[in-house]
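Enquirer: If you scroll down you'll find the structure; I have some questions about it.
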Amino acid sequence: MLNFENYPLGMNAAIFVVGAAMVWYAGTKLSKYVDLFADRTGLGQAFAGALFLGGATSLPELATTLTASYSGAAELAGTNLLGGIVMQMAVLAWIDAFVLRGRPLTLFSPNATLLMAGIMLIGLVALASAAVTTGELFSVMGVGFWPVALFVAYIGSLWLMYRYEGDPRWEPSGETAQPPESARDLKDAHHKEFRDVSNNRLIVYFLAASAVILVGGFLVAKTGEVIANQTGVGQGFVGATLVAFATSLPEVSTTYSAVRFGAYSMAAANILGTNSLEVALFLPAELAYREGAIFDAIHQPAAFLGMMGVVVTCLYLSGILERRDRTIFGMGVDSFAVLIAYFGGLAVYYSL
């Protein structure tokens with residue numbers, strides 16, 4: 001088995017970049033496959049984004065979580081998951097700023113299911129933060145209460161989303177923004193390109209891209225842990241920044257691709273769904289961690305990352321609900337507020 005601790009910092013950094021590049025390349029393919037599959041099967045974009053894109057783009061987090069937990073780096077695993085939630089909400093802000101300049105991203109997402117997904121996410125993150133604060137309450141056969149409760153809550157949130165998208169109780173009023181013409185042209189061209197590709201082959205492509213993401217995520221996790229030790233920065237901050245950024249690359253690429261194709265609800269649901277799954281991944285982390293309950297090994301400042309996740313999620317939900325056509329520096333007011341909260345929160349977290 002590869003022992004990255006024997007490699008110099010420069011080589012580990014190079015391997016980290018290679019793993020991140022694998023994650024990025026495969027991630028650019030996933031949103032296209034899911035968009036096609038959602039259109040062909042009649043699944044809603046929001047539910048498909050939360051379930052399929054959210055699940056596939058969480059593979060790096062799964063790889064890093066299992067790898068870090070198994071090697072005893074519980075702090076890296078926990079801060080990667082909670083820090084990734086905040087990082088991926090910031091992804092939406094960057095997409096808003098550089099892809100949809102002049103119109104807020106949330107203006108193009110008049111979907112009630114996104115509000116349901118965001119509310120479920122806030123509840124999950126609040127529970128995870130409570131788990132970090134209290135530590136493990138009790139364990140049965142070596143598995144703690146909190147990881148199981150979080151996983152069950154995640155499954156319940158998916159069920160509620162699926163039921164709600166099939167029968168929404170209200171519809172937005174006012175302006176219904178239309179996707180840019182370029183997005184419709186790109187999507188039409190993409191559907192034409194894959195016209196002769198069967199659904200079964202689409203699934204194979206999806207699984208192949210997911211496998212590439214999983215391998216890239218493993219490389220990112222192992223080298224990220226070693227880079228933290230070699231630089232002396234610490235697992236907590238490296239997990240919340242460098243590793244969280246690298247494992248968020250699928251979300252960046254798939255969200256960027258979804259927005260370019262005009263699948264705005266899918267783009268937002270991808271981030272919300274991924275973040276919900278981040279919380280559920282504390283269960284496999286618990287199973288892989290061999291030195292006791294994982295929530296007993298995660299330092300309490302990690303709960304601050306969870307609360308940052310709650311704040312930035314609330315900011316975006318307010319943007320989806322309000323749907324105001326106002327921008328700051330080419331991005332929506334909500335996206336600008338998310339970036340301020342993200343960088344300000346990281347500064348506070350580093351000082352803890």
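Enquirer: Quick one: what pairs do we get from region 186-211, first residue under 17 Å from Ser257 (Cβ atoms) and among the small types (Gly, Ala, Ser), second at pLDDT below 70 and part of a helix (DSSP H, G or I), C-beta under 6 Å, 6+ apart or different chains?
Expert: Matching pairs, first to second residue: Ser210/Ala56.
Enquirer: Something else about it: Inspect all residues belonging to region 191-214 and state whether any of them is at pLDDT below 70, among the charged types (D, E, K, R) and on the phi < 0 side of the Ramachandran plot.
Expert: yes
Enquirer: Can Glu291 be described as surrounded by 24 or more Cβ atoms within 10 Å (Cβ to Cβ), at pLDDT 70 or above and among the acidic types (Asp, Glu)? Break it down into steps so the answer makes sense when it comes.
Expert: Values: surrounded by 24 or more Cβ atoms within 10 Å (Cβ to Cβ): no; at pLDDT 70 or above: yes; among the acidic types (Asp, Glu): yes.
Judged against the criteria, Glu291 is not a match.
Enquirer: Identify the residue in region 226-240 that is closer than 27 Å to Gly344 by Cβ and at pLDDT 70 or above and, among all such residues, is surrounded by the fewest Cβ atoms within 10 Å (Cβ to Cβ).
Expert: Looking only at region 226-240, we keep the residues that are closer than 27 Å to Gly344 by Cβ, and these are 227-228, 231-240.
From what is left, the residues that are at pLDDT 70 or above are 227-228, 231-232.
Working: Ile227: 19, Ala228: 21, Thr231: 13, Gly232: 6.
It comes out as Gly232.
Enquirer: Given the condition crowded, with 20+ Cβ neighbours inside 10 Å, of a type in the set (D, E, K, R) and in contact (Cβ under 8 Å) with a residue 12 or more places away in the chain, answer yes or no: does some residue in region 74-93 qualify? If you could, list the steps in order and put the result at the bottom.
Expert: So the first thing to find is which residues in region 74-93 are crowded, with 20+ Cβ neighbours inside 10 Å, and the list is 74-93.
Narrowing the set further to residues that are of a type in the set (D, E, K, R) leaves 75.
The next check asks that each one be in contact (Cβ under 8 Å) with a residue 12 or more places away in the chain; those that pass are 75.
So far as region 74-93 goes, yes, one or more of its residues are crowded, with 20+ Cβ neighbours inside 10 Å, of a type in the set (D, E, K, R) and in contact (Cβ under 8 Å) with a residue 12 or more places away in the chain.
Enquirer: Let me ask something else about it. If we keep just the residues of region 215-225 that are modelled with pLDDT under 80 and either more than 30 Å from Gly78 (Cα to Cα) or not small (Gly, Ala, Ser) (or both), which is surrounded by the most Cβ atoms within 10 Å (Cβ to Cβ)?
Expert: Let us first name the residues in region 215-225 that are modelled with pLDDT under 80, namely 217-218, 220-222, 224-225.
Those left that are additionally either more than 30 Å from Gly78 (Cα to Cα) or not small (Gly, Ala, Ser) (or both): 218, 220, 222, 225.
Values: Phe218: 20, Val220: 30, Lys222: 25, Glu225: 26.
Looking at the filtered set, the residue picked out is Val220.
The values are calculated or read from the model by the stated rules, or taken from the named source; none is laboratory data. A quick note: this is a predicted structure, and the numbers were derived from the prediction, not measured. Counting neighbours? That spans all protein chains shown, and the Cβs are built from the backbone with ideal geometry, glycine included.
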